[in-house]
Structure formats: C-alpha cells, structure tokens
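Worksheet: the structure to be examined is printed underneath.
The values are calculated or read from the model by the stated rules, or taken from the named source; none is laboratory data. The model shown is predicted, which means the values in this text are computed figures rather than measured ones. Reconstructed Cβ throughout: ideal geometry from the backbone, glycine too, with neighbour counts over all protein chains shown.
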Amino acid sequence: MELLQIIPQFLISGLTFGAIYGLVALGFVTIARASQIINFAQGEFVMLGGMVTFFFIKSVHLPYLLSAFLAIGVVIGLGFLLHLLVIYPLRKASLPILLLATLGASLFLSSSSALFFGTLPKALPPFSGKDLLEIGGVSFSAQSLFVLIATFFVLFLLYILSHHTHLGKAMEASSTDPLGADLCGISRHLMTFLAFGVSSGIGALAGIFITPLFYVSYHSGTLIGLKGFISAVIGGWGKYGGAILGGFILGVAESLSIAFIPAGYKDGVAFLILLLILYFRPKGILGSPFIDSRRW
Amino acid sequence: MRKSALSFIFLFIFILSFSLSYSAEKSPYKVGVNFELTGPWAEITKTLRNAMVLEVERINQRGGINGKPLELIFEDNGFEAGRAAANMTKFTKDPEVLLVVGPFEDTLQATTRAIAEREKITNIIVCPSNRVLREMKQRWAFNIAHNDIIVSEKLVDLSLARKYKKILVFHAAHPLAQTLAEYYKRFGEEKGLKVFISPETHKHTDIDMTPQLIKMKPLIEKEKMDAFYACTSGPPGPIVCKNLRALGMKLPILGTHAFGFGFIIALGGEAMEGVEFPGAKPVVFDQLDENDPAKSINIEFDKRWRERYGTPSDQIAGYGHDIIGLIENSIKRVKGKVTRETFRDALENTKGFKGTHGLYSFRPAEHDGLSKKDLVFVRIEGGKFKRIRFPGFE
C-alpha cells in the first residue's frame, strides 16, 4: 500500500534522470554516427559545461544567460581541439586505440579542471526562481522540467540535422559508408571534426541544465558519462531515438529499483540492465546500424 | 714546526666543535606534514597548509622555540592510502623529523596510525577519531577535530532544547557517519528521544538522494517525525537538504559539525536555511561570549589571516592554527632533550591549551583533544552561520 503511494514519485525522479542520461547519450551518438568513435571524454564536456558557466558567473560576473552561451562556445572549442590534437593525429589507428585516447583525454580534462577551477564542488542557481512544483501529491523541481525540455529540443535539432540537411547526411555517410562518402567528395575528417563540435556543445548544454539540480566538481563527469554511454548502448548504439529511450529506461529502472532494494546497489542496476539487454538483444532496443547481428 | 702543526690541529678541532655545537643549536625542529594536497580535498588542505605556514612564520620571527626555528616539510599523499603510508614511512626514516601531521581524511588515518605506532613517532591527525581506532588505544596518534561522541552528545542537547521527540537519521555509508548515528541514537534514547536510523544510506559520491528520501517519506509522515538528521559530510549534506525540500518535506533538518564549512551554504543555497548543527567555535567566532578565550584568539588569528590571504579565516584554518600552537606548547614543556619520545609525553600531558577551537586536553586514555564544551549551537540563516542559544543547555 505504502509502495503504491510512492511509486509516482519514483517515476518522476526516474524520468528526470532519464532525460539527463538521454541528453548525455545524444552526445555519444552524434560522434558515433559520424565516425564510429566512442568518445569517453563526453562526460567531461558535461562537467565543463557547468564548470565554465560557474566560472563566468562567479569570477567574471557575467549574467547567467551570457555565461551559459559563452560556456557552450568554450566547450565546443575544446571539442574541436580534442579532435585536432588527439583524434586527427591518430586517424590511421584502429578504434580501440582511439577509445583509449579519448579515455586519456577525459583524465586530462578532469585534472585540468581541478587545477583551473579548484577541487571544491560548485552549484548553479535554478533557472526559475520558484523551484518547487506539486501535482497530485507528487513534488518535483521546475529544473527537472527544463532538463526534459532541453533533451527533446536537442533530439529535435539532431533529427533536423540528420534528416533534412546535407551536412547531417554527409556526416552519417562518412561513418556508415566510408568508401561511398569518399567517392562523393565528402571529407570524412571534416565531418568527424564537426561532429566533435556538435557533441561537445550537447555535452555543455547538458552540464548547464543539470548543474542546478545537483552540483559540479572536477570528477563528476566520469559517472554521468558512463551512464550516458550505457543508455546509448541499451537504446541502440547509433540511434538518436535509442539514446533517449535508453536514457529513460535506465533512469526509471534505477529509480524504481531503490523502492525494492537498498540504494547502495543503484549504480549496479545500470550495469545489470546493460548486461541483460546485451544477452538478449545485442543490437539494443531499437537496433543499431553499426552492430552486425549476424555475428550472434 | 711540529708545535705549530699541533696547535693548528687543536685550533681546527676547536673551530669544528664550535661550529658543530652552533649548528646543533640552530638546527630546526622538523615537522613532517602528510596532506591530501591534490584530489577532492585539495582546497581544504591548502587552507590548512596556509594556516600552518602562517603560524610557523610568526613563531620563527619571534625567534623560534627554545631558540630553534620550526620547519614544516610538506608531502602530498594525493588522497591515496598507499602514498600516505609511503610519506609516513619516509618521515619516520628521517631521524630529524620530530612528528608527523596529517592525514586530513578519515579513510587514510588507520594506515598512518599503524606506522606511527610501529615506528614510535607522534602522528597528529586532523579528522575525528572513530570507535574502532579508539578501541585500539594507540599511544602515538592524536586527533584534533571534535569526535563522534561529543558531537552526538551536543546534538542530543540541541534536539532536547528544540523539544524534538522523534528524529529520523539518514547517514552516509562510512564508519564515522555510522558511529555518529549510533551514538546519537544511544545518547538520545537515554534522554527519552525516539531515534530512527534509516536502513537507507548514501555514498560520498552520490549526486542525488531523492530515491532514498522518497522511500523514507511514508515513515516520516506516518511517525510524524519532528526532525531529520542528515548525518553526513561534504557535498552530500547540501544535496540531502536540497532533495528533501524538492520533495516538499518541510521538517527541520539537523546536521553534523561538518556543515560548518563555507562551501556547504554555497552548494545548498536556499535549502540550507534553518539547518541547525553543533558547530565548531571558529564558525561563529564573532558571536562567542566575551569571556570565552577562543573569541580573542580567533579575532587575532582572523586579522592576521585576512592581511595575508585576503579572505576570512574558517574552521579548517583554525585547525591549522591549533596544531602549530599545540606543537609549540608541547616542545616548550619538554624538560631536557626534545626527542620523539619526550615530545609525545609532553603532548599527551597537554592540559587546557587555548586554541581557536577551544581548550585542548589530552590524557593517556584520551587522545581526542576537544570536549563537548568546545561546540556551540549554529543555525544557517540568511546564507550565514548564526549562533543560537538555549538557556540550560549552554
């Protein structure tokens, strides 16, 4: 009886997390669709989005909105640099080597953030003044709604980009059919370069939207990046819709699991779900354009 | 010729012995410092380091202790037990190092204490002791911060003064938070409180406690809890407060003495309003009683701190100040030669040393310097720490 009363509250909390994971997952998918690279520095972009905004507000004393836009600009710049300094020089290396390179970049970015911005955690104020909303006995913060809106807005933009622009189609072609892309005169390196920019922008946006809900510190990107990656794999590696779906499944499952088991196991639930999905549907729920299911 | 050579040798020996004795007199008292200068607590330990450096410079400008300067040797342990142990061992192997200060964090202290015990060197640790370590009755380790027992006793006083009857405790999943919760329950129930320790816990790295709090909500409503005790430290403190308020629960929140760090208010924002906790004296030093010796010590220290670093001093800087003060005070009380053994004995015999945090006294059976009297009731109001008083409890 008690359980039934609190389930709606768990669902709302899960949906908030789902939206966050989905937003982070979209960043992973954007790069994967253009180059098949798994960018493990994605979580660091999320962290930097919140961190740089905080820096502009507190140290340079700029307004919130301007700081947020500047932070997105700075992080997109870092995304471009990551491609130019790490990915491009390794263009002839195999994917596992690139994966390790992004892992190294992630450690570098988090340590640099500790040096530049300090190690104490930082919080941003919520976007709206009155933060608490209540519907039918279920309370949640208005910031959760903003995160939800941001997630679907980014999904919409990415849909337009990939289905209705030449640029988006060229990005996808360079990953799904490299030879065809070359023959059409598409510069695959340029496409990967642009994908890193888009993906880091999404990461920064995610960081700005979720920092008011929690806090940001130099090491907070790692776990959120990992959860975003898991979401992208659960939903179907390489699918935008899959990333969002995976995010919501993961968020709600994590939240609901706490209703039945102690909270200490919450992070374990994410990996359990991933394992189950990989056992029974290796391509993810919506299927993946990159994973050849004939091998199973 | 032989005579002049002989006199030359005598002269040489004379000069040599003189210079040796001279250098021995001027050779400093070396203190090894083993801190988490990098890693998540880097900013906090840098405050500690700055405070210690400030105090050592002041002592040395006045001519040192017994005519000898004090010298700090810093090593970074990076918040890793392995490096903390390596630093500790390195210090113990240097015969000139008199004692070791640090680590700062609870998770590292068991390692360095064991080495201190084996190598017979004093180890002053900043974080509170915990029950398991106290039961080992180690001779060489001393803790500076207020321990779980006195904090829990003071919090029971606060609960009684506020007339809370039923309190729900939500503690972090580490030994210190666990013993804080247990002592609070034990002392509280002796005084007639009804204390519920939630089976739900949280980790230091958790960024959201909403699910745990949702699970507790029915209990809070059913039992009509009077207060909620966020038994934790660091970022989880403000996170718990934020999540609790976001779920629409308005009951009063109690905190631990770790809520006295300035960044806690910045992190929790409005959700921190009204949170009450047993706080250290430097947190509200300007609001202490006029006859409290800690008040003038804090004001004087804060003035020097501001001149040097441009910010107000805080609880952590206060620990740094007190550690150097205790070292100076103990060395001065040593009769005869200052060795690791005599220094330890002198430190253990410290009685009522006045520091920014209050009065430090050690006994062979008691290596935690501070007592319940060194805590005050603090409330967060208007984004600031405010001292609150209850007649009969303070």
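Does A:Phe80 satisfy the criteria of being under 22 Å from A:Thr211 (Cα atoms) and either at pLDDT below 95 or surrounded by 14 or more Cβ atoms within 10 Å (Cβ to Cβ) (or both)?
For A:Phe80, the condition - under 22 Å from A:Thr211 (Cα atoms) and either at pLDDT below 95 or surrounded by 14 or more Cβ atoms within 10 Å (Cβ to Cβ) (or both) - is not met.
When you go through A:Ser144, A:Ser162 one by one, which is the residue that is within 14 Å of chain B (Cβ to nearest Cβ), out of contact with any His (no Cβ under 7 Å at 6 or more places or on another chain) and among the hydroxyl-bearing types (Ser, Thr, Tyr)?
Exactly one residue qualifies, and that residue is A:Ser144.
Within region A:30-47, can you find the residues that are away from chain B (no Cβ under 14 Å), closer than 27 Å to B:Pro211 by Cβ and in a helix (DSSP H, G or I)?
Across region A:30-47, the qualifying residues are A:Gln42, A:Glu44, A:Phe45.
Against the definition (assigned to a helix (DSSP H, G or I), in contact (Cβ under 8 Å) with a residue 60 or more places away in the chain and among the aliphatic types (A, V, I, L, M)), how does A:Ala270 come out, yes or no?
Values: assigned to a helix (DSSP H, G or I): yes; in contact (Cβ under 8 Å) with a residue 60 or more places away in the chain: no; among the aliphatic types (A, V, I, L, M): yes.
In short, no.
Pick from B:Leu70, B:Leu48, B:Leu37: which is over 13 Å from B:Gly102 (Cβ atoms) and touching a residue at least 12 places away in the same chain (Cβ under 8 Å)?
B:Leu70
Take region B:302-323 and flag every residue that is free of Cβ contacts under 8 Å to residues at least 60 places away in the same chain and in contact with a Pro (Cβ under 9 Å, 6 or more places away or on another chain).
Within region B:302-323, B:Asp302, B:Arg306, B:Gln315 qualify.
For region A:176-200, give me each residue that is more than 15 Å from A:Gly228 (Cβ to Cβ) and among the small types (Gly, Ala, Ser).
Hits for region A:176-200 are A:Gly180, A:Ala181, A:Gly185, A:Ser187, A:Ala195, A:Gly197.
Could you give every pair whose Cβ atoms fall below 8 Å, whose first residue belongs to region B:110-132 and is under 17 Å from B:Lys30 (Cα atoms), and whose second residue is assigned to a helix (DSSP H, G or I) and of a type in the set (Gly, Ala, Ser), counting only separations of at least 6 or pairs across chains?
Correct list of pairs: B:Thr122/B:Ala116; B:Asn123/B:Ala116.
For A:Pro121, are the conditions met, namely being within 13 Å of chain B (Cβ to nearest Cβ), surrounded by 13 or more Cβ atoms within 10 Å (Cβ to Cβ), more than 15 Å from the chain's Cα centre (by Cα) and of a type outside the set (A, V, I, L, M, F, W, C)?
yes
Can you list the helices (runs of 4 or more DSSP H) found entirely within region B:227-326 that contain at least 1 residues being surrounded by fewer than 21 Cβ atoms within 10 Å (Cβ to Cβ) and among the acidic types (Asp, Glu)?
Output list reads B:293-309.
Check A:Gly247 against each of (1) surrounded by 24 or more Cβ atoms within 10 Å (Cβ to Cβ); (2) at pLDDT below 95 and name the one condition it does not meet.
(2)
All but one of (1) at pLDDT 95 or above; (2) under 26 Å from B:Arg245 (Cα atoms) hold for A:Glu134, so report the exception by its number.
(1)
Has region B:149-160 got at least one residue that is within 14 Å of another protein chain (Cβ to nearest Cβ), of a type outside the set (Asp, Glu), touching a His at 6+ places or on another chain (Cβ under 9 Å) and within 19 Å of B:Leu375 (Cβ to Cβ)?
Looking through region B:149-160, none of the residues is within 14 Å of another protein chain (Cβ to nearest Cβ), of a type outside the set (Asp, Glu), touching a His at 6+ places or on another chain (Cβ under 9 Å) and within 19 Å of B:Leu375 (Cβ to Cβ).
Evaluate the following for B:Gly237: is it small (Gly, Ala, Ser) and within 16 Å of B:Lys386 (Cβ to Cβ)?
Details: small (Gly, Ala, Ser): yes; within 16 Å of B:Lys386 (Cβ to Cβ): no.
Considered against the rule, which asks whether it is small (Gly, Ala, Ser) and within 16 Å of B:Lys386 (Cβ to Cβ), B:Gly237 comes out as no.
Taking B:Glu135, is it crowded, with 19+ Cβ neighbours inside 10 Å, of a type in the set (Asp, Glu) and either under 25 Å from B:Ser371 (Cβ atoms) or at pLDDT 95 or above (or both)?
In short, no.
Return the only residue of A:Ile97, A:Ile149 being hydrophobic (A, V, I, L, M, F, W, C), surrounded by fewer than 16 Cβ atoms within 10 Å (Cβ to Cβ) and within 21 Å of B:Asp208 (Cα to Cα).
Details: A:Ile97 fails: within 21 Å of B:Asp208 (Cα to Cα).
Exactly one of A:Ile97, A:Ile149 is hydrophobic (A, V, I, L, M, F, W, C), surrounded by fewer than 16 Cβ atoms within 10 Å (Cβ to Cβ) and within 21 Å of B:Asp208 (Cα to Cα), namely A:Ile149.
Residue check, B:Lys163 against (1) in a loop (DSSP other than H, G, I, E, B); (2) buried (at least 22 other Cβ atoms within 10 Å of the Cβ); (3) among the charged types (D, E, K, R), all met but one. Which one?
Going through the list (1) in a loop (DSSP other than H, G, I, E, B); (2) buried (at least 22 other Cβ atoms within 10 Å of the Cβ); (3) among the charged types (D, E, K, R), B:Lys163 breaks only (2).
Every residue in region B:342-359 that is free of Cβ contacts under 8 Å to residues at least 40 places away in the same chain, of a type outside the set (S, T, N, Q) and not in a helix (DSSP H, G or I), please.
B:Lys351, B:Gly352, B:Phe353
Here are the criteria: (1) on the phi > 0 side of the Ramachandran plot; (2) within 14 Å of another protein chain (Cβ to nearest Cβ). Tell me which single one A:Ile20 does not satisfy.
(1)
Return the residue satisfying two criteria in turn: it lies in region B:26-49 and is within 14 Å of chain A (Cβ to nearest Cβ) and of a type in the set (S, T, N, Q), and of such residues it is farthest from B:Gly336 (Cα to Cα).
Going through the qualifying residues, I end up with B:Thr38.
Among what's in region B:208-226 and is assigned to a helix (DSSP H, G or I) and touching a Phe, Trp or Tyr at 6+ places or on another chain (Cβ under 8 Å), pick the residue that is surrounded by the fewest Cβ atoms within 10 Å (Cβ to Cβ).
Selected residue: B:Leu219.
Filter region B:45-84 down to residues that are crowded, with 18+ Cβ neighbours inside 10 Å and of a type in the set (Gly, Ala, Ser) and give me whichever is nearest to B:Tyr309 (Cα to Cα).
B:Ala51
For region B:310-322, which positions are of a type outside the set (Gly, Ala, Ser), at pLDDT 95 or above and over 12 Å from B:Phe261 (Cβ atoms)?
Of everything in region B:310-322, those that are of a type outside the set (Gly, Ala, Ser), at pLDDT 95 or above and over 12 Å from B:Phe261 (Cβ atoms) turn out to be B:His321, B:Asp322.
Within region B:176-220, take every residue that is within 13 Å of chain A (Cβ to nearest Cβ) and among the acidic types (Asp, Glu) and give me the one that is nearest to the chain's Cα centre (by Cα).
B:Asp206
Select from region B:324-341 the residues that are free of Cβ contacts under 8 Å to residues at least 40 places away in the same chain and either in contact with a Gly (Cβ under 7 Å, 6 or more places away or on another chain) or under 23 Å from B:Pro128 (Cβ atoms) (or both) and list them in ascending order.
Answer for region B:324-341, where residues must be free of Cβ contacts under 8 Å to residues at least 40 places away in the same chain and either in contact with a Gly (Cβ under 7 Å, 6 or more places away or on another chain) or under 23 Å from B:Pro128 (Cβ atoms) (or both): B:Asn329, B:Ser330.
Tell me, yes or no, whether region A:224-236 has at least one residue that is away from every other protein chain (no Cβ under 14 Å), modelled with pLDDT of 90 or more, over 23 Å from A:Leu81 (Cβ atoms) and surrounded by fewer than 20 Cβ atoms within 10 Å (Cβ to Cβ).
No: zero hits.
This table checks each residue for (1) outside any helix (DSSP H, G or I); (2) modelled with pLDDT under 85; (3) in contact with a helix residue (DSSP H, G or I) (Cβ under 7 Å, 6 or more places away or on another chain).
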| residue | (1), (2), (3) |
| --- | --- |
| B:Ser4 | no, yes, no |
| B:Ile9 | no, yes, no |
| B:Leu16 | no, yes, no |
| B:Gly32 | yes, no, yes |
| B:Thr38 | yes, no, no |
| B:Asn50 | no, no, yes |
| B:Val53 | no, no, no |
| B:Val56 | no, no, yes |
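Could you tell me which residue of region B:221-238 is farthest from the other protein chains (Cβ to nearest Cβ), considering only residues that are in contact with a Ser or Thr (Cβ under 9 Å, 6 or more places away or on another chain) and among the aliphatic types (A, V, I, L, M)?
So the residue we want is B:Ala227.
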